[in-house]
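Trainee: One structure is given below, represented as structure tokens, and several questions about it will come after.
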């Protein structure tokens, strides 16, 4: 039997994201989110997906698609994390009086408002850590190095500070047990994507042989963004001493940075040249901070999401009261899987006729 999976879609880029106790997989036409609940069952949700480039052709143009992708992935990432938490079914405790009061005042829009506040806080934190703080540092350097010819040094040092802040932030988050488990699911996502790209049957044993480092990972994208921002901020960014103007000029350049970074990531990920391997090596090493070796159970969850995103939900499965599909065996999500046939019970032996000698023996 061939070790190739005839249903694998190795030529299609499948994106993914680790979520709370699970994995999201994004295929060209569908998004699947699967999580493992405390009772060890897997629940999954399938959502049809239409690329924005089909609705608006200009969103698929080179460089512009990078800007669109950055915005959509941020929004999708936040909503997927919230969805995975709901799917776990661990937050069904009685609401507090304050929550009941808010729900009464705001109605059904409470969840959306909470999510909106979380998004705003995340944006503010990101801008403060990765833009404002490095610009304050650059302002301090400007006092020590007022010569305009030294601007490239100031931009380089503030860019390095951004990278160090990112590394420190990841290391800090990794101390939280739930985040460490999410990093393990991140590793499961990468291994499963590799397994699919290599055309192997999607099993935990096959996926385990691959590395947790993948060239299309968002961690690599972040590092590329930081490196390209150093170059662009030096070439066309405001170089004066005003922190506000420096901060605003960096924000205005961010979409351009995102567009160039996206094309760079795609180009490096799909090239096998020696130069491409060298250039993507730093980003691959950064992934050692955001991925961990997964267990086979985690790989099963990632495989369910991959199969469901590519082939749809299997038929005949139970559903939860919320409408999530329950998967008790990851293998049933593979269309080529054939469940073993249960052994038929043996037919009872017919009683042999009792002879006269046998009857005499039994009587004795």
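A short reminder: the numbers here are calculations on the coordinates, not readings from a lab. Given the structure is predicted, the values throughout are model-derived calculations rather than measurements. Every residue, glycine as well, gets a Cβ built from its backbone with ideal geometry; the counts of neighbours run over all protein chains shown.
Trainee: So if I restrict to the alpha-carbon atoms in the range 254-294, what is the Rg, and what is Dmax, the biggest pairwise distance, in Å?
Mentor: That works out to 12.1, 36 Å for Rg and Dmax.
Trainee: Based on the mean of other Cβ atoms within 10 Å per residue, sort peptides 33-43, 51-61 so the most packed one is first.
Mentor: Numbers: 33-43: 19.6, 51-61: 12.3.
In decreasing order of mean packing, 33-43, 51-61 become 33-43, 51-61.
Trainee: Using the Kirkwood formula on the Cα atoms of the range 15-339, what hydrodynamic radius do you get, in angstrom to one decimal?
Mentor: Value: 21.7 Å, from the Cα pair sum.
Trainee: May I ask you to compute the full-extension gain from residue 275 to residue 251, defined as 0.36 nm times their residue separation minus their alpha-carbon distance, rounded to one decimal in nm?
Mentor: Taking 0.36 nm per residue and subtracting the Cα distance, the gain is 5.6 nm.
Trainee: Highest mean first, what order results for 316-325, 181-190 on Cβ atoms within 10 Å?
Mentor: 181-190, 316-325
Trainee: Arrange the peptides 222-233, 249-260 so that the one whose residues have, on average, the most other Cβ atoms within 10 Å appears first.
Mentor: Per-residue mean Cβ counts within 10 Å order the peptides as 222-233, 249-260.
Trainee: Here's something else I'd like to know. Counting only C-alpha contacts under 8 Å and six or more residues apart, can you give the relative contact order of the range 15-339 as a whole percent? List each step's numbers first, then the result.
Mentor: Values: 416 pairs, mean separation 88.4, N = 325.
Answer for the range 15-339 is 27 percent.
Trainee: Once a ≥ b ≥ c are taken as the square roots of the eigenvalues of the Cα gyration tensor of the range 133-261, is the result rounded (a/c under 1.5), prolate (a/b larger than b/c) or oblate (a/b not larger than b/c)?
Mentor: On the way: a/c = 3.69, a/b = 2.37, b/c = 1.56.
Because a/c hits 1.5 or more and a/b exceeds b/c, the range 133-261 counts as prolate.
Trainee: In addition: Work out how far the C-alpha atoms of the range 232-286 reach from end to end along every principal axis, then list the three figures in whole Å, largest first.
Mentor: Largest first, the range 232-286 extends 43, 19, 18 Å along its Cα principal axes.
Trainee: Follow-up. Name the shape class, rounded, prolate or oblate, that the alpha-carbon gyration tensor gives for the range 161-216, where a ≥ b ≥ c are the square roots of its eigenvalues, rounded holds for a/c under 1.5, and otherwise prolate holds if a/b is larger than b/c and oblate otherwise.
Mentor: oblate
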